[in-house]
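**Student:** Here it is, the structure in full.
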Amino acid sequence: MRTLTLLLLAASAASAQGLDRDTLLTDAPAVPATGTVRLTGSGVATENTDNGATPTGSSSFTGTIAWTPFKNFSGDVGAYFQVGAQGPAARVRYQFLNQLSHGLDLSGGVRFKTVGFHADEGEVEFLVAAGRRFGHLELVLNGVFGMETGAGGGKDAEVKAFGGWRFSDSVRAGIDFRLQAEIGDEEAAAALPPVGTPAVTGRDYDLTTGPAVSWLVMKNLQLQALVGVAQPKKSNITAPVGVLSASIDF
């Protein structure tokens, strides 16, 4: 009986630690184990369907390095890409709750990006991420509030979510989703377009979603892929998007 109890506790612990890896669009609600160093590289490709009239088509490579120096706290630095612009980014997270002890993984964090909702403005984001495993089912939800660091005073809100089914300890598939929308821009509201200049058209949000799969090739190596659709901001198009990612722990 004692052996069975230990096995069940070990299985529960492994399950609780299963939400410490970011998906391709959504931040993880848990942080890696203390001492973990994680290198991640990802590529994004979006079809340009307007012949370059707006910066809606792009290909990029993003790399980050993350470290968990002590329990429940993790930080990472790297290069961030969003709709045709790129620059460095940094994030710190703290995990307040874990599923094994509290029934839910919950963390909060702050991210600084030199590329925000507007490509020419930096941004500070405040993140809350929650998630839980129900047997083979995994659910993660993010809420993000961002503020521009430039003179524009812009603000945006972001919702990210992932719902997936874990077929085994190594393979998971589901739907990844990210929606970002501007909720305030004092500079844009005050500015008037020059006489004779066509008004800027297009949506004021940015949407990416699609089916995603992850494969834990080895205990410390994970591959992820997503093929879906994107609706870039400041455009009226819907275009296919593909994302690939690989991460390795040390």
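**Student:** Got at least one residue in region 107-116 being among the charged types (D, E, K, R), touching a strand residue (DSSP E or B) at 6+ places or on another chain (Cβ under 8 Å), in a strand (DSSP E or B) and over 26 Å from T62 (Cα atoms)?
**Tutor:** Taking every residue of region 107-116 in turn, none turns out to be among the charged types (D, E, K, R), touching a strand residue (DSSP E or B) at 6+ places or on another chain (Cβ under 8 Å), in a strand (DSSP E or B) and over 26 Å from T62 (Cα atoms).
**Student:** Looking at this structure, is T26 at pLDDT 95 or above, under 30 Å from I237 (Cβ atoms) and within 16 Å of the chain's Cα centre (by Cα)? Spell out the reasoning first.
**Tutor:** Working: at pLDDT 95 or above: yes; under 30 Å from I237 (Cβ atoms): yes; within 16 Å of the chain's Cα centre (by Cα): yes.
Considered against the rule, which asks whether it is at pLDDT 95 or above, under 30 Å from I237 (Cβ atoms) and within 16 Å of the chain's Cα centre (by Cα), T26 comes out as yes.
**Student:** Scan region 140-155 for residues that are at pLDDT below 95 and either in a strand (DSSP E or B) or surrounded by fewer than 17 Cβ atoms within 10 Å (Cβ to Cβ) (or both) and jot them down. Working first, answer last.
**Tutor:** Let us first name the residues in region 140-155 that are at pLDDT below 95, namely 146-155.
Matches in region 140-155: G146, M147, E148, T149, G150, A151, G153, K155.
The values are calculated or read from the model by the stated rules, or taken from the named source; none is laboratory data. Computed from a prediction, not measured in an experiment: that's the story for all the values here. As a convention, Cβ positions derive from the backbone with ideal geometry for all residues, glycine included, and neighbour counts pool all protein chains shown.
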